[in-house]
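Each value in this text was obtained by applying a stated rule to the coordinates, not by laboratory testing. Bear in mind that the values here come from a model prediction, so they are computed numbers and not experimental data.
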């Protein structure tokens, strides 16, 4: 296993002397893959479910999404998607943006945008009632 | 550790880009595109669940050719990212790490992404 075959940003941060922070790169690496596995399973599962029970009206669509199992698995899907997006965007920004101020600004902006998206989607998916 | 005098050669038009490199770049680009489309997806999902009028609005979007085109591009981005992700899982498990197999699997990812997009196109037409 090539655990932690990292992105450039990981290797910048763990360049030798900061051994104590070594596990941070490993944790994000693992989180990126665990979230990917869940998303793959959800997307395939939901696609099959949606195609075999395609809702034909607003009410049917709402009923589908109000189902507790669907609501919870879908919310988890979006929250993991946002975590996945955070790790991906963080890696890309840290690889290409080398001006400290701009890097901080972009990381902060992306972070708050994703946090806002998390609240927004959770509110939508967990308040669907029939 | 930092050697500022290391030669840097980043002329993208002259760097040899094997298919695996193209795949890696595409994985990042599709990821960024999907990140940027998150607000639109959440907005449309919320609109469709909010009221019958909102639902009608969202479903009527599918009549628009432009919207279908955007949807197909999104499907391509997603499918590419999905299959490239599976390939990275395999590399993590030391499957197909050598050049010959790495090249083969990269072509498979490109093909699979396009195949899903074509299927989507056929379904939509």
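For chain B, modelled as a GNM with alpha-carbon contacts under 10 angstrom, which of B:51, B:105, B:37 fluctuates the most? Residue with maximal mean-square fluctuation among B:51, B:105, B:37: B:51. In whole angstrom, how far apart do the alpha carbon centroids of segment B:92-116 and segment A:34-83 sit? For segment B:92-116 versus segment A:34-83, the Cα centre distance is 28 Å.
Per-residue ellipticity at 222 nm from helix content only, as computed over the protein assembly as shown with -39500 (n - 2.57) for each DSSP H run of at least four residues, stands at -27000 deg cm²/dmol. The GNM of chain B, with springs linking C-alpha atoms under 10 angstrom apart, assigns the highest mean-square fluctuation among B:103, B:68, B:14 to B:14.
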